[in-house]
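Structure first, then comments.
The values are calculated or read from the model by the stated rules, or taken from the named source; none is laboratory data. Please read all numbers here as calculations on a predicted model, not as lab measurements. As a convention, Cβ positions derive from the backbone with ideal geometry for all residues, glycine included, and neighbour counts pool all protein chains shown. These area figures cover heavy atoms from the full protein model, side chains too; ligands, DNA and RNA do not enter into them. Shrake-Rupley method; radii C 1.70, N 1.55, O 1.52, S 1.80 Å.
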Amino acid sequence: MKLSDMILQATAHDAAAPDAEQIIRLARTRTAVHPKPHSHLRIAAIIAAALCLLTVTLYASGILSGFAAGFPAPISSGGVQVLAQKSDNPDVVWNITESWYDRYNLHIGGSVTTPDILDANLSYRVTGMFRADDDGETFYLDGALYPNGTDTVPFVMSAPTVTDGEGGKFRPGWEKETIKVDLTIERIYLEPENIDGPWDIADSLVYPGNWSYTLSLTQQEHRDTLTLTGPFSGTTEEAVTADKVKLSPFTLEIDGDHLMRFNNTRYNIWLKMKDGTYALKGRGIFRDESGNYIAFDDSDDDRIVVSFVQPIDVPQAESIIIADKHGFGGEGLADHTEAGFVCYPIADPDVLNVVTETDGAVWEMWKVLLEIPIG
């Protein structure tokens, strides 16, 4: 695709698109009617102006938001204030504008300006480390850059949930309204499509450097969170009960009773969405097409805590499902509907790689122990 066409395509739905189109149309017209020596220089200058216009438009339309580029569900950002910064590679400039954190998660986003226009066909990754001002331990985070045809692209970095040395499953102090974080971004590298044998990240390095920041982050979690007060009781013999439920885009917390099986394994936790799909459901007719899954689990008999790799669009959630007896079998499973089981025929069992004892139709079945309505 020509650069001019790429610019028009990128701005097709923005208010500034007619301006970019007018610039490029003018360039084409002048070149066709009045060809002159070095006309390619004039074209280059006009394209450069259009690129500047595109960058401004991307900022205005929110496309340079790392959260908008990296997350499938809309996420509101908490506040970010840069208290101090230093770099040993000034050719790369980070603009950190977004944050989202709770007791289990940290996500940081914004945009980065690089010396070159990044190839949209390649996968650019970024690594870093951080620590809170009241915690001496350092944690790692990584993320991705999202090329858009300019030298300023959105990025988002996420920290996996970790267990601290005292046996807890959260970072101390992260329930505070405001925290101070020391962040060091280490490198930008190309992620190989396939790793066959030993791989050294240094071989894929695109931009080396150490970019250090001291950030003041303001929490957004409580404004994105839905809190429900029960009790919510199931009607099955398992007597699953929820007294308090808290659902945010990245974390689900349930306090109650009998929330685990007798062998201390957790029941299935799914979110029934308003469009009829089931988020977090790993397979089956309602499997989560976004590829989302549970990244962190700290559940016991009276408390469930799970965090998600990708955010949930909380306003689009209809109910929280605690389920058991999830499995697949022949059409005889449909006979269990009268006993409180949910059963559905699988249209194409081959795509699920389901192993059953039947050569005919395959059905999926589960038992709802508790359904907690949202809203």
Q: Hand me the GluC sites (Glu not before Pro) from segment 294-371 located in a DSSP loop with no more than 15 other Cβ atoms within 10 Å, in residue order please.
A: 357
Q: Using a Förster distance of 41 angstrom, determine the FRET efficiency expected from the C-beta separation of residue 293 and residue 82, and round it to 0.05.
A: 0.80
(Q) Counting only other residues whose beta carbon sits under 9 Å from that of residue 345, what net charge do I get with K and R as +1, D and E as -1? (A) -2
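Please tell me which of these pairs span more than 32 angstrom C-alpha to C-alpha: 176/325; 180/281; 86/281; 180/274; 244/281?
From 176/325; 180/281; 86/281; 180/274; 244/281, over 32 Å: 176/325; 180/281; 86/281; 180/274.
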Q.
Net charge within 12 Å of residue 232 by Cβ-Cβ distance, Lys/Arg positive one each and Asp/Glu negative one each, not counting residue 232 itself?
A. -3
Q: Skip the ligands, DNA and RNA, and give the accessible area per residue of segment 207-358 with a 1.4 Å probe, whole Å².
A: 49 Å²
Q. What distance in nm separates the simple spin-label points at residue 200 and residue 318, each placed 7 Å from Cα in the Cβ direction?
A. 5.5 nm
Q | Total formal charge among the other residues, if their Cβ is under 15 angstrom from that of residue 75, Lys/Arg +1 and Asp/Glu -1 | A | -4
Q.
Place a point 7 Å from Cα of residue 262 in the direction of its Cβ. Which residues in segment 347-375 have their backbone N less than 20 Å from it?
A. 367-370
Q: Treat each spin label as a single point 7 Å out from the Cα along the C-beta direction, and report the residue 371 to residue 274 distance in nm.
A: 1.8 nm
Q. Can you give the extra length, in nm with one decimal, that the chain gains between residue 357 and residue 182 once fully stretched, where that is 0.36 nm per residue apart less the Cα-Cα distance?
A. 57.4 nm
**Q.** chymotrypsin sites (Phe, Trp or Tyr not before Pro) within segment 183-233: DSSP coil, no more than 14 neighbouring Cβ in 10 Å
**A.** 199
